[in-house]
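Below you'll find the structure, written out as structure tokens, and then a few comments.
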2 protein chains.
Amino acid sequence: MIKAATIADVKKYVRECKKSGKSIGLVPTMGFLHEGHGSLIKRARKENDIVIVSDFVNPTQFGPNEDLEAYPRDFDADCRLCESLGADLIFHPTPEEMYGKSNYSKVHVDKLTAGLCGAVRPVHFDGVCSVVTKLFNISEADRAYFGQKDAQQLAVVSRMVADLNYNIEIIGCPIIREEDGLAKSSRNTYLNEEQRLAAPVLHRALAKAEEQARAGEKDAKKLCAQITEEIEKEPLAKIDYVEAVDWEELQHTDVIEGKTLFAIAVYIGKVRLIDNFITE
Amino acid sequence: MIKAATIADVKKYVRECKKSGKSIGLVPTMGFLHEGHGSLIKRARKENDIVIVSDFVNPTQFGPNEDLEAYPRDFDADCRLCESLGADLIFHPTPEEMYGKSNYSKVHVDKLTAGLCGAVRPVHFDGVCSVVTKLFNISEADRAYFGQKDAQQLAVVSRMVADLNYNIEIIGCPIIREEDGLAKSSRNTYLNEEQRLAAPVLHRALAKAEEQARAGEKDAKKLCAQITEEIEKEPLAKIDYVEAVDWEELQHTDVIEGKTLFAIAVYIGKVRLIDNFITE
């Protein structure tokens, strides 16, 4: 497995791959890889000749009071995981390499970014869309793999690709969970023991609602109220949002019509966790 | 020459070209082609296996009080010119084809868009960057050709490509002029006879300043004052701006240090004309 730290090195590698007609799958990550990322890499491995994993804690998607500095990093462990799953190249640039001395360009997606996490993280999705655009261009990937755990990110990136005619297929992959249902996340390492025990409340609340939706319940408002009620039983939990939105444009809905995203953000202590499900 | 009206048709054609390893040159235009566009097509013809000309009056780069409806159009004449210059494909989509039912994504470049035309045309460069991004992706061009007449556009697009790592080379081409020095522009057709006679004042004023800059004059402020004075001699002319900026970031400068852009926008009657020169 190649470890590349510069854009030029990745581009050189990619040019050679493209010349010989190889397909490229990209798994964009912020590192500190877990089984969730692993599932994306495995899927990319199956569907492409070449698998590139990017491992970059992107400063532009963190707000001024967010956890950029604290965000966990372990590049050696990331390399071991990527290699064991058959990745061909891991791209691990510095912020200076990615953004140079100055960088004035960004990609913005309206409407889909206004609610959910976008409401409390105003710069987040511009940062995501811009870095993902850069990674798409650097990797010239045919496919890129995103976890459904970050459902709004998946919707926003898919929208950006459609709107701007990017030549890449966005593939959303299922949420990977711990045995007790907690969605895998690099930020789970922030939880202390007590908080870790409380955290599965997110999934528990969502799972009950999902079951009812599957059984035919169409009242999204009622399901959101039930999710809220369930989470409020947990004393360590403080709700940021519990929302039902249409999966196309992420607009609030009281009724399940077509694909509907139920998304929640909950503080367990100071740790903000997200989880969701999407109806069929 | 192929006339394509849909994105899908262009993408299909481009896929075939790419498979056989052909290079693609793109000339993005708003149609009503003149010799300025012609010079871009000729240059693209020399440097690429395939030449694609896009012919699209892009609504998103016009402000609410600008000339979107009035903007001149003549697709048949455009086709004749493109064919005579050896273009392989002309892409002439409708706004609906380009933007679908809804389009929420845009590319924004900061700083370089704040001054000059950006100051009075606040949405203009977002529209340009976004449509150009779409055209780059649709055409998968290796090179794209822009006239230096729209110098700020050339700088902004070049910056976007560098910042976001687009795999395309931006090639700026010299301004093409009428015999009396007026820079060729589709908007020149708006001028009545009297205005047309007054319009070369832009070039006259710039040419004098350029000559002094070439002779070693470094005082950009003084040159701007002289340009202003020269234009004010023409009773039909009303200055929008006369500015000297560094060519890298388009920031105001009083002194010529490195490449410096002298850019002007002048109303002749109600017709807004632009022109410029760049020092070595």
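Observations on the structure shown:
- Net charge of the neighbourhood of residue A:24, taken over other residues with C-beta under 10 Å away and scored Lys/Arg +1, Asp/Glu -1, is -1.
- Across the identical copies, how the residue A:208 labels are spaced - nm, sorted shortest first, 7 Å along Cα→Cβ: 8.2
- The Cβ shell under 10 Å around residue A:99 holds other residues with a net charge of -1, Lys and Arg each +1, Asp and Glu each -1.
- Normalised by the number of residues in chain B, the average gap of Cα pairs under 8 Å and 6 or more apart makes the relative contact order 17 percent.
- Qualifying GluC sites (Glu not before Pro) in the range A:62-158, DSSP loop, other Cβ atoms within 10 Å at most 16: A:66, A:69
- Rg and Dmax, both from the Cα atoms of the protein assembly as shown and both in Å, are 26.8, 83.
- Exam field: residue B:59 pseudo-label spacings to other copies (7 Å along Cα-Cβ), nanometres: 4.1
- Accessible-area rank, largest first, for A:143, A:214, B:204: A:214, B:204, A:143, with all protein chains present and a 1.4 angstrom probe.
- Chain pair A, B: total accessible area buried, heavy atoms, 1.4 Å probe, Å²: 2400 Å²
- With respect to chain B, whose longest principal axis is taken over its alpha-carbon atoms, helix B:201-214 is tilted by about 80°.
- Peptide-level mean, for B:157-169, of C-beta atoms on other protein chains within 10 Å: 5
- In this assembly of identical copies, the label point of residue A:280 (Cα plus 7 Å along Cα-to-Cβ) is separated from its counterparts by 7.3 nm, sorted shortest first.
- Lysines whose Cα lies under 17 Å from that of residue A:3, excluding same-chain neighbours fewer than 8 positions away: A:11, A:12
- Most positive-pole-ward Cα, B:223, B:278, B:186, against dipole of chain B from beta carbon charges: B:186
- Projected label points at residue B:94 and residue B:114, each 7 Å from Cα along the beta carbon direction, are separated by 4.1 nanometres.
- Of all the options A:242, A:128, A:161, the one that moves most in a Gaussian network model of chain A with Cα springs shorter than 10 angstrom is A:161.
- Linear extension gain, residue A:12 paired with residue A:248, 0.36 nm per residue minus alpha-carbon span: 81.3 nm
- Cα gyration tensor shape for the range A:139-223, rounded if a/c is under 1.5, else prolate or oblate: oblate
- Whether the range A:133-280 is rounded, prolate or oblate, judged on the alpha carbon gyration tensor where a/c under 1.5 counts as rounded: oblate
- For the protein assembly as shown, size of Cβ-based charge dipole, Lys and Arg +1, Asp and Glu -1, in debye: 1040 debye
- Pairwise centroid distance, computed over Cα atoms, of the range B:35-94 with the range A:179-227, Å: 54 Å
- Loop-located trypsin sites (Lys or Arg not before Pro) in the range A:22-67, at most 15 other Cβ atoms within 10 Å (DSSP): A:22
- Peptide A:96-107 has a mean of 5 when you count, residue by residue, the C-beta atoms of other protein chains within 10 Å of its C-beta.
- Cα-based shape type of the range A:2-173, given that a ≥ b ≥ c are square roots of the gyration tensor eigenvalues and the cut on a/c is 1.5: rounded
- Net charge over other residues, Cβ less than 13 angstrom from the Cβ of residue A:45 (K, R count +1; D, E count -1): 0
- Applying the criteria of a DSSP loop state and at most 15 other Cβ atoms within 10 Å to the trypsin sites (Lys or Arg not before Pro) of the range A:221-255 yields A:233.
- Helix-only [θ]222 nm of the protein assembly as shown, DSSP H runs n ≥ 4, -39500 (n - 2.57) each, per residue, nearest 500: -11500 deg cm²/dmol
- In the complete set of protein chains, residue-level accessible area for residue B:264 is approximately 0 Å², probe 1.4 angstrom.
The values are calculated or read from the model by the stated rules, or taken from the named source; none is laboratory data. Keep in mind the model is a prediction, meaning the values are calculated, not measured. Neighbour counts run over all protein chains shown; Cβ positions are idealised from the backbone, glycine included. Please note that ligands, DNA and RNA were not included when accessible areas were found on the heavy atoms of the full protein model with its side chains. Shrake-Rupley method; radii C 1.70, N 1.55, O 1.52, S 1.80 Å.
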